[in-house]
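Novice: First the structure, then my questions, so here it is.
Each value in this text was obtained by applying a stated rule to the coordinates, not by laboratory testing. Please read these numbers as outputs of a predicted model, since none were measured by experiment. Positions of Cβ are backbone-derived with ideal geometry, glycine not excepted, and every protein chain shown enters the neighbour counts.
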C-alpha cells in the first residue's frame, strides 16, 4: 500500500500501520539520526502522523532506501527525518511541479 492511500484508513488502521512502521524502522542505524533525549526515541519519520524530527537538523547520510519500511510501503524519497514524511514530500513535489 502506498502512503498516499493512507488517509482513506480508519484511525485504528492508521495506528496499526504506525506500529508496523515503528517495529520495522532502522532510523537509529542512520548516520543522520541522533538521540533527541525524548522519553520515546524518535523514529519512523516516513510515516505521515510522525513526520520530520524536532531535533535532527543536519543531514549526514541517508539509509532510508535500505529500510524494510521503504520497500514494504513503496516509498520514493529519503531524509524523512529532516525533510518530512513521504506524503508531505509528495505534496511538495506536486506543488513545485516535479
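Novice: Report the full-extension gain for the segment residue 34 to residue 95: residue separation times 0.36 nm, less the Cα-Cα distance, to one decimal in nm. Could the numbers behind the result be given before it?
Specialist: Working: separation 61, 0.36 × 61 = 21.96 nm, distance 3.02 nm.
Using 0.36 nm per residue and subtracting the Cα-Cα distance, I get 18.9 nm.
Novice: Here is a follow-up. List 93, 84 from most exposed to least, where exposure is judged by having the fewest other Cβ atoms within 10 Å. Walk me through the intermediate numbers first.
Specialist: Working: 93 12, 84 21.
Listing 93, 84 from fewest to most nearby Cβ atoms yields 93, 84.
Novice: Under a point spin-label approximation (7 Å from Cα along Cα-to-Cβ), what is the residue 55-residue 18 distance to one decimal in nm?
Specialist: In this crude label model, residue 55 to residue 18 measures out at 2.0 nm.
Novice: So how far apart, in nm, are the two label points at residue 41 and residue 9 if each is 7 Å from Cα heading toward Cβ?
Specialist: It is 2.2 nm.
Novice: When the expected Rg is taken as 2.2 N^0.38 Å, what fraction or multiple of it is the alpha-carbon Rg of the chain? Could the numbers behind the result be given before it?
Specialist: Values: Rg = 12.9 Å, N = 98, 2.2 N^0.38 = 12.6 Å.
The reported ratio for this selection is 1.03.
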